[in-house]
Every structure is written in structure tokens, then in C-alpha cells.
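Q: The structure that follows is given in the form of C-alpha cells.
The values are calculated or read from the model by the stated rules, or taken from the named source; none is laboratory data. What you are looking at is a predicted structure, and each value in this text was computed from that prediction instead of being measured. All Cβ positions, glycine included, derive from the backbone under ideal geometry; neighbour counts span all protein chains shown. Each accessible area value is taken on the protein alone, full model and side chains, heavy atoms only, with ligands, DNA and RNA left out. Shrake-Rupley method; radii C 1.70, N 1.55, O 1.52, S 1.80 Å.
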Amino acid sequence: MKRVIVGLSGGVDSSVAAYLLKEQGYEVIGLFMKNWHDDSVTISNECPWLEDSNDAMLVADKLGIPFQVVDLSEQYKERIVDYMFNEYEKGRTPNPDVLCNREIKFDVFLKIAEELGADYVATGHYCRKGEEKINGELVYKLLAGTDINKDQSYFLCQLSQKQLAIALFPIGELTKPEVRKIAKEQDLITAEKKDSQGLCFIGKVRLPEFLQQKLKPKEGIIVKIPNTSKIFDRVLPKFENKEAELEFFATKYNYNVRDGEVVGKHQGAHYFTKGQRKGLAVGGMKEPLFVIETDVVENIIYVGEGKNHKGLYRNTLFVTSEELHWIRKDLALKNGDSMEVESRIRYRQKLEKATLYKVKKGMYVQFEHLQSAITEGQFVAWYLKDELIGSGVIA
């Protein structure tokens, strides 16, 4: 009998994943990961991880499977939290959920599972796994979940073949309502539980306060750039080659205080991210203001009025060689190659047509249509049909 370790998070998805595996005849062990000790920055007064681990324990009890809590807060702090602070300090916006899957669930957690003699690790992600023999070798595929509204393949975009080989996604073929229905029928305590928000496993965290623990507030100015600014009337040069053209379009606009008017103050450019609308506290405009750029060196936030502001849109982005990741190494592009794909730059964004261009120093992703708020530090993922084949950090 094959042994599976399920990451029970205290939510409905992982509860049903555990139930289905048991039904399929696996020997199932439930593990709850405790990733956080500091309750001073969580929003709700009730201790979220305590409540969640309790729910996870009740589910395990109901299913009659062994259960234990593992404390991974040290590794989480090192690999996720410190990395996040670092990225924010550089003016980049990391995605903790993608990192949590790569570094915690499918690495630290995986090692614990191996110590417990597990053949597989399972999670409650809405995605599927495929496999195919290619040139005599077994290749694993990461496929989108059947429920397009809930597809979570994006969050797993950094997984490797080795990690995929022992991963199971039991609810990937189901829709959310179907999952809730099964939980109800099995009388699982998590059946009606709301989906968790906030950082992966930390509970609801107030991001600014969380960041303020490490990144000190520093007053600076908010500068509004008019949509009619000459900056946006870039004259297109004659491009020597495709790479020069891609580089031109991947380069972000360069703003200066003199290009706009000062409309307010902020407490630190490193707390803000591109495309952000909340937290600016500047009133009196016809349309809401959006962050179009942050300058962490000069501590200035540049904003534009309205969600159609030209400063929010670009169609090309770049990923450096170091931050390029192929799940399907057999499909990896060589220098000078290109590939038509569908791509997204954030979770829940619908897939958009794009072309990948591999160059010596990395890879360009050029979208057919302009994209709003391409943000450094976030992940871009690319697909062939419903298969996620690679990803990278936006430079």
C-alpha cells in the first residue's frame, strides 16, 4: 500500500484531498504545517493557526488517519519572510504563495514526508498532473485544474520534475462546489469554512504592518504624472534587430519629480507596489489614483489617475537567465529561439497570447496586448494549451 502525506491546512480543499486518497486505497497521514509564531501582526484576534490546526486534527480524526503538527516556522522565516523583506527593500513585489510551494511544501515538507517513508505528497491545489514517455524518459506535466475559476497551477509554477514526480493533486478534476458537496456528505467540519486569505499559512496578515517590522517608515512624496505627459509620446527608433526592439518595449518609463505635481505624502516607497490603489490617502481626484512606479532610492511614489493611465501598461517583460525556470526542460528554448504560448503575470488573470524570445542574457515575453501593472519580483508563467511549462521572475 502506497503511503501519502497530505498537507492538511484546516481548509476544505485539503480535507477532501485526504478523504479522496483514503477512498483510493492509499495509506494517508495528515500533517499540519505551523509556519508562524508572531501573532502581533495578524489581523484577527483569534489565533488563526491554532484554529486551523484544530480543524485539521478534527478532519484527520473523522477520516481515521494519523495526524501531527510540524513546526516549520524557522525555515519559513528564513526562506519566505526574509526573502520578502529583501525584495520589498529593493522595490520588488514578491509572491509568497509561489515561494511557499517551492521552498516549504515541496521541499522542507517533502523531506519530512520522505523521513516518514512516504511515496507521495498531496495538497489541495486545483491543478492536475499528467505524464508522458518522451524519448524513453518519463516526463511529468503540470496541468490546469478542471475548474477554470479556481485553477491554481500558477502557484506551482516553480516546481521541478523531481517535485512533480511525487506530487498528487486529488481535487484537480473537481470544481469548488463539488469539493464542498463531498465535504458536506462526509460531515467534515471544514465543509462550510471560508477560503483562507493572506500569506500562505500565516493567517491574515496586515502587509504594511508586517513590512514595518523590518522596513522602517520614511516619509516621501507622491507625484501625480498626467496621462498627457510627453514621456508617453516615445518616438520609436529604428531597431537593428528584434532583440533591440524587445529591450526597448521592456524598458519601463523613467519619471522625474518635474514631470508631475506633488499631490501627497507617503510613509515609505517600499510599502507600495505597482498597480496599487488602496492606501494612498489622496482625495479630490475625478478618478482613483494608481501607483505607476515606485522609486525606493529617492523614496518617491509616482501615481496616475484612472485605471487606463498609460503609465500602467506595457506589453513586454524580461526574465534574467538566473530566474528562468522550465518545468518541461525538454521544451526549454535555446538562444535565438522563440515560441508562441499563452501566459499570465498574476494568479486569476486569464491567459493571454504571448511570444517567448530566448536571448543570451535571459528571455523576453512579449504579449499580443498591453498588460496592466507588470510588476518586478512577481512571477510570469507560460502555458501550451492547459499545460504550464515554465515560469520566471519579472526583472
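Q: Taking only the stretch 2-24 into account, find how many residues are more than 26 Å from the chain's Cα centre (by Cα) and open to solvent by less than 40 Å² (accessible area, probe 1.4 Å).
A: As a first pass, look at the stretch 2-24 and keep what is more than 26 Å from the chain's Cα centre (by Cα): 2-3, 19-24.
Filter once more, keeping what is open to solvent by less than 40 Å² (accessible area, probe 1.4 Å): 19-21.
Number of matching residues: 3.
Q: Under 6 Å between Cβ atoms, which residue pairs at least 6 apart in sequence (or on different chains) link something in the stretch 42-60 that is on the phi < 0 side of the Ramachandran plot with a partner that is at pLDDT 70 or above and among the charged types (D, E, K, R)?
A: The qualifying pairs are TRP49/LYS34.
Q: Moving to a separate point now. Looking at (1) open to solvent by less than 10 Å² (accessible area, probe 1.4 Å); (2) at pLDDT below 95; (3) under 18 Å from ILE29 (Cβ atoms); (4) not in a helix (DSSP H, G or I), can you tell me which one VAL121 breaks?
A: Looking at each condition in turn, VAL121 falls short on (2).
Q: Among the residues of the stretch 304-352 satisfying the criterion of being under 28 Å from ASP233 (Cα atoms) and assigned to a helix (DSSP H, G or I), which is most open to solvent (accessible area, probe 1.4 Å)?
A: Looking at the filtered set, the residue picked out is LYS310.
Q: Across the stretch 205-235, which residue is farthest from the chain's Cα centre (by Cα) among those that are modelled with pLDDT under 90 and within 24 Å of PHE249 (Cβ to Cβ)?
A: Per the stated criteria, the residue is VAL235.
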